[in-house]
1. So which residues in the range 31-58 are open to solvent by 40 Å² or more (accessible area, probe 1.4 Å) and either under 25 Å from SER328 (Cβ atoms) or of a type in the set (D, E, K, R) (or both)?
2. On the basis of being modelled with pLDDT of 90 or more and open to solvent by 40 Å² or more (accessible area, probe 1.4 Å), does LEU295 make the cut?
3. List every residue pair whose Cβ atoms lie under 7 Å apart, where the two residues are 6 or more positions apart in sequence or sit on different chains, the first residue falls within the range 359-373 and is modelled with pLDDT under 85 and of a type in the set (S, T, N, Q), and the second residue, located anywhere, is part of a helix (DSSP H, G or I) and surrounded by fewer than 19 Cβ atoms within 10 Å (Cβ to Cβ).
4. Could you check the range 313-328 and list, in sequence order, the residues that are modelled with pLDDT under 90 and over 17 Å from PHE246 (Cα atoms)?
5. From the residues in the range 69-87 that are of a type in the set (Ser, Thr, Tyr) and crowded, with 23+ Cβ neighbours inside 10 Å, which one is nearest to LEU251 (Cα to Cα)?
6. Do we find a residue being over 17 Å from the mean Cα position of the chain (by Cα), within 24 Å of VAL368 (Cα to Cα) and of a type in the set (Gly, Ala, Ser) anywhere in the range 104-125?
7. What do you reckon, is LEU250 closer than 23 Å to MET47 by Cα, open to solvent by less than 30 Å² (accessible area, probe 1.4 Å) and over 18 Å from the mean Cα position of the chain (by Cα)?
8. Consider ALA66 against the criteria (1) among the aliphatic types (A, V, I, L, M); (2) modelled with pLDDT of 85 or more; (3) under 23 Å from TYR153 (Cβ atoms); (4) buried (at least 22 other Cβ atoms within 10 Å of the Cβ): it satisfies all of them except one. Which criterion is unmet?
Amino acid sequence: MTPITMPRLFSHFPAQRPVLTALALSLGAAIALGLSRFSYGLLLPPMRADLGWSYLLAGVMNTGNAFGYFLGALITPMLMRRYRAHSLLTGGAVLTGIFMLVSGMVTATGFLLLQRILAGISSALIFIAGGVLISRLGGLHAARAGLLIGLYYGGTGFGITLSALLVPATLAAAQAQHVEHAWQWPWLAMGAACLLATIVMSLPVRAIQDLPGQAGAKSAFSIKAFGFGLAGYFMFGAGYIGYMTFVVALLKEQGMPAPAITAFYSLLGLAVLASSRIWAGMLDRYKGGQSLAILTALAGVAALLPALSSNVFAVFVSGMLFGAVFLSAVASTTALVRHNARPEAWSAGISAFTTVFALGQIVGPSIVGWIADGQGGLERGLIFSGLTLLVGGMLAWQQKPLESRDSAQ
């Protein structure tokens, strides 16, 4: 098959194969979060042991990633006025893969922190561009928009599950070869996985066109009108990232065997994949902040479970519940913007929610790491995360649907 006919093969996908198009697009979420960000939780214990990091410094690494994500959220709207969303999506994915490969080649803390910042910037390009593209796809298939949005964000679960399998296997292989810094091999493997996923994703997603009148258009997005939703999402960002950064380290401290931790993280990822089906109807039904509130509160309950009990059953319930809700909470903000803003404002709206999400993630890991270095350890840090999520749920519940919501349909 020649390069000329290949794009034509996928040109009908958005109109005739929306689910397959959403699944292809979901590889962007797998790269931006599942592989680039959440794999760090698996690598934190061996990196911390090898490099002599405190929990605070380990948390700062993910704070750096969130800071980069924040910078990316600020510049993406400007870039989207000049480039197609597809170009930003694929460009960000390629850069993310390269930055992860670099992590497998250095050991200096400063360089590793720089990599986390740069990967955060490129991940924001992926996530916002992908959110706009899935919103456009949902506009073509309004009756299935909730499912399609959920499938996109649920792709993070594929990345989490893949990292849960790749990291232990490559780490063990490196240790068997007596590699000096064994944790570098997993970074190399996941960087290669990112680049492979980018190739698979690119052509089907490229066929998603701008909505009529949307290309190059600008429309004001009212921060004030979405105030409670944004505040709740900030708290969600601060709370959930503490869990995803430190839960594996906590389970290791509690004495859970490595195979059980792999199973725990794999099930968490599989629950993310399933969440798109579980919550699709709710994302379509509620026009205000109810979906974000419910999902954030459930994530709070899940975060508290391993902090309050080391019982294996409670820990696995925590992982499955957290996986089943946390990316759907992210998806709910895209649905909220789509329900309440005009199509030409979707990019600005998704960027605004991504920005407050990034700000929350900047705060969360460092605070949890600082708490974990003190009395009470990681358990107390995750209690902070759980309570933060519960507060976020209460704030999001106050977000009411806007009168202009019908104009987004």
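1. Within the range 31-58, ARG48, ASP50 meet the criteria.
2. No.
3. Qualifying pairs under 7 Å: SER366/LEU56.
4. LEU327, SER328
5. The residue in question is TYR69.
6. Yes, there is a match, as at least one residue in the range 104-125 is over 17 Å from the mean Cα position of the chain (by Cα), within 24 Å of VAL368 (Cα to Cα) and of a type in the set (Gly, Ala, Ser).
7. Spelling it out, LEU250 is indeed closer than 23 Å to MET47 by Cα, open to solvent by less than 30 Å² (accessible area, probe 1.4 Å) and over 18 Å from the mean Cα position of the chain (by Cα).
8. (2)
The values are calculated or read from the model by the stated rules, or taken from the named source; none is laboratory data. These figures come from a predicted structure and were not determined experimentally. Using ideal geometry, Cβ is built from the backbone for each residue, glycine included, and neighbour counts are taken over all protein chains shown. Each accessible area value is taken on the protein alone, full model and side chains, heavy atoms only, with ligands, DNA and RNA left out. Shrake-Rupley method; radii C 1.70, N 1.55, O 1.52, S 1.80 Å.
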